[in-house]
Amino acid sequence: MLSNIALVLANAICIGCFPPPPPPPPPPPPVIFNCGTVAVDVVAIVTLQGFPRAGFEYGVSFDCVQVGNAIIPVPTNIRNSFTPGNTNDPCAVASQPTALTVALGHTHPYFSNNTEYKRGNGCFGDKTNQSSSQLSALNSSNNNFSSNDKAAARAEGKPFYLGTPTRHSVKVYKLSGSGRRGPRWRVFTLV
């Protein structure tokens, strides 16, 4: 007991002899959530317009992941029609969403010749030769979502982005409220 009193007296007499304790560490920065519609739209536009024009489809998932102190949309699971284990069809690509996926995207092919159209299993299984005007008409119709695209988006319940064959335009098919008959999905052109 006496030694404790002596220590207290020694400390009281020698103020400043011991350095003060270090300050507590600062709190970690707050996590910034930036994975809303506008952020996903921007990442989808940059990603889909960045794919080269090709005679097959590219597919991508957009996942919200933490990078530093921000949660942002990131393109993941990038694949194409001929990625091993995919469709082997130049007119289709399989989606691979995860629990982190907030949207899906894909490009439509731009066919320059019959070799591209008939590659692998052929466009939807078609291996016949197409005339130049038929390929041109297909390239033109590929500027829009197909009924298969729309069905896939509704089944996943996530926004579905489309990069047109020339990559000049990006569109999104997404839920846009509800009506008497249930959820209403609409196409929006982003660029």
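For A103, what residues show an amide H to amide H distance below 5 Å, using hydrogens built from the backbone and excluding near sequence neighbours?
Counting only residues 5 or more places away or on other chains, the set is F62.
Roughly how many Å² is the accessible area per residue of the chain, as a whole number, for a 1.4 Å probe?
58 Å²
Which shape class, rounded, prolate or oblate, goes with region 55-142 when its Cα gyration tensor gives a ≥ b ≥ c as root eigenvalues, a/c under 1.5 marks rounded, and past that a/b bigger than b/c marks prolate?
prolate
Where does region 129-169 land on the Kirkwood hydrodynamic radius, alpha-carbon pairs, in angstrom?
When all Cα pairs of region 129-169 are included, the Kirkwood radius is 11.6 Å.
Show me the ranking of peptides 43-50, 58-65 by mean Cβ neighbours inside 10 Å, starting with the highest.
Peptide ranking by packing, descending: 58-65, 43-50.
Using a 1.4 Å probe on the protein chains only, how many percent of the accessible area of region 26-143 belongs to carbon and sulfur?
Answer for region 26-143 is 59 percent, counting heavy atoms of protein chains only.
At 7 Å along Cα-to-Cβ for each site, give me the label-to-label distance between N88 and F124 in nm.
2.0 nm
What are the lysines whose alpha-carbon lies under 30 Å from the alpha-carbon of K127, with same-chain residues fewer than 8 places away excluded?
K118, K150, K171
Could you estimate the translational diffusion coefficient of the chain from the Stokes-Einstein equation, with Rh from the Kirkwood formula over C-alpha pairs, at 25 °C and 0.890 mPa s, in whole µm²/s?
123 µm²/s
Radius of gyration and Dmax for region 100-191's Cα atoms, expressed in Å?
15.2, 47
What ranking, highest mean first, results for peptides 124-131, 93-100, 75-82 when packing means the other Cβ atoms within 10 Å averaged over each residue?
Going by the mean number of other Cβ atoms within 10 Å, highest first, we get 75-82, 93-100, 124-131.
Taking amide hydrogens as modeled 1.01 Å from N in the peptide plane, which residues meet the under 5 Å criterion relative to A54, leaving out close sequence neighbours?
Close amide H contacts, sequence-distant or interchain: Y110.
Pull out a ≥ b ≥ c, the square roots of the eigenvalues of the alpha-carbon gyration tensor of region 97-140, then state rounded if a/c is under 1.5, prolate if not and a/b is larger than b/c, and oblate in the remaining case.
Details: a/c = 4.05, a/b = 2.19, b/c = 1.85.
Verdict is prolate for region 97-140.
The values are calculated or read from the model by the stated rules, or taken from the named source; none is laboratory data. Because the structure is a prediction, the values reported are computed rather than measured. Glycine gets a Cβ as well: all are built from the backbone with ideal geometry, and neighbour counts include every protein chain shown. Each accessible area value is taken on the protein alone, full model and side chains, heavy atoms only, with ligands, DNA and RNA left out. Shrake-Rupley method; radii C 1.70, N 1.55, O 1.52, S 1.80 Å.
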